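Here the structure is laid out as structure tokens; the discussion comes afterwards.
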Amino acid sequence: MRRILIVEDNADNRMLLRAVLDDSYAVTEYTNGPDGLAALAVDDPEIVLLDISLPGMDGVEVLRHIRANPLWRHLPVIAFTAHAMSNDREKYLAHGFDDYITKPIVDETILLGSIARLLDRVPA
Amino acid sequence: MKDANSNLDSSSPMMITTAYGEAGDRNALERLERFGGLKLREELTRLFLQEAPTRIASAHAAYAAGDTAQIRAMAHALKSSAGQMGAARVASLCEQIETQDPPPDFAKALCELDEEFSRYRSWLQTAFPTPPSP
């Protein structure tokens, strides 16, 4: 199974993501940025699903740390956020996220499609 | 008057109409069952009913302390959970509290949030009654 690392502080969102992803992917989950960053070397994920509004270090800062490491510079990272204003997609893509998915999940095929597309770029 | 949702991403599921019917959206809860069966729906319901009042109470406390950023942070956190649980009015109020510029009357908005959450909880008990324990 291909590996997804989730960083999301809300338990309900983690539960929902597990329900949608667990059958198809090996999922590990963390509730804050520092723990997620520390887990990168251990879990060796092929893609990251990263909440933006995390306590302490927010998702944009977590992404900055990921991109600063040559090992993970090209690791696909999806912004997973309830920030859904009209210019937010462009804003987060400009920060360096590979895609942007809004919460709550209404159509799971959007999330699954995004993950599949980005994983296609990463050799299994 | 400017619609509170007019700046939302048109592809976003947080696009919530202000023309309300019921206090809750049955489709949202049925969607949870599709994602993870009855177990997921019941677990998420339990979690939401437990966490939402705590979040709202923290917003009241933040208001009393004059901490606008904390009020908006609470609204942001509650918004996606409420949307996920079909509590559309709660989610819409959270959206307004989080993003409205100039800011809304927080005292009034938080009272409305209390009322809408109570209405949702009542709706939930009717629409998805908890079966008696064996």
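Where does the longest stretch of chain A lie that holds no trypsin sites (Lys or Arg not before Pro) found in a DSSP loop with 13 or fewer other Cβ atoms within 10 Å?
Working: sites that count: A:R73, A:R121.
The longest such stretch corresponds to A:1-72.
Classify the range B:75-118 from the C-alpha gyration tensor, please: rounded if a/c falls under 1.5, else prolate or oblate depending on whether a/b exceeds b/c.
Verdict is oblate for the range B:75-118.
Using a simple spin-label model with points 7 Å from Cα along the Cα→Cβ vector, what separation in nm is obtained for A:A41 and A:R67?
The modelled label-to-label distance comes out at 2.3 nm.
Going by the alpha-carbon gyration tensor, a ≥ b ≥ c the square roots of its eigenvalues, is the range B:22-134 rounded (a/c under 1.5) or, if a/c is not under 1.5, prolate (a/b greater than b/c) versus oblate?
Prolate.
Select from B:W123, A:I52, B:N27 the residue farthest towards the positive end of the dipole of the protein assembly as shown; place +1 on Cβ of Lys and Arg, -1 on Cβ of Asp and Glu, and compute about the Cα centre.
My answer, from the dipole projection, is B:N27.
About its Cα centre, how strong a charge dipole does the range B:15-127 have in debye, to the nearest 20, once Lys and Arg get +1 and Asp and Glu get -1 at the Cβ?
For the range B:15-127, the charge dipole is close to 340 debye.
May I ask you to compute the full-extension gain from A:R121 to A:M85, defined as 0.36 nm times their residue separation minus their alpha-carbon distance, rounded to one decimal in nm?
Extending this stretch completely gives an extra 10.1 nm.
For chain A, modelled as a Gaussian network with Cα springs under 10 Å, which listed residue fluctuates most, A:S114, A:S86, A:S24?
The residue with the greatest mean-square fluctuation here is A:S86.
Could you work out, residue by residue across B:25-33, how many beta carbons of other chains sit within 10 Å of that residue's beta carbon, and then give the average as an integer?
Numbers: counts 0, 0, 1, 2, 0, 0, 6, 6, 0.
Partner-chain Cβ atoms within 10 Å, mean over residues of B:25-33: 2.
Do you know the relative contact order of the range A:1-78, to the nearest whole percent, from alpha carbon pairs under 8 angstrom that are 6+ apart?
34 percent
Which residues in the range B:84-113 place their backbone N less than 18 Å from a point set 7 Å from the Cα of B:T68 along the Cα-to-Cβ direction?
B:94-111
Rounded to the nearest 500, what is the 222 nm mean residue ellipticity of the protein assembly as shown from helices alone, with -39500 (n - 2.57) per DSSP H run of 4+ residues and division by all residues?
-18500 deg cm²/dmol
I need to check one value: relative contact order of the range B:36-134, counting alpha carbon pairs closer than 8 Å and at least 6 residues apart, in percent.
On the way: 70 pairs, mean separation 22.3, N = 99.
RCO, the range B:36-134: 23 percent.
How far apart, in nm, are two points set 7 Å out from the Cα along the Cα-to-Cβ line at B:A61 and at B:Q125?
Computed distance between label sites B:A61 and B:Q125 equals 2.6 nm.
Rounded, prolate or oblate: pick one for the range A:2-124, where a ≥ b ≥ c are the square roots of the eigenvalues of its C-alpha gyration tensor, a/c under 1.5 means rounded, and failing that, prolate if a/b is larger than b/c, else oblate.
Values: a/c = 1.17, a/b = 1.03, b/c = 1.14.
Judged from the Cα gyration tensor, the range A:2-124 comes out rounded (a/c under 1.5).
Based on DSSP, what percent of beta bridges with both residues in chain A are antiparallel, to the nearest 5? Write out the running numbers ahead of the final one.
Numbers: 0 of 18 bridges.
If I count the DSSP bridges inside chain A, around 0 percent turn out antiparallel.
Bear in mind these aren't lab numbers, they're just calculated from the coordinates by the rules spelled out. The structure displayed is predicted, hence computed values, not measured ones. Glycine gets a Cβ as well: all are built from the backbone with ideal geometry, and neighbour counts include every protein chain shown.
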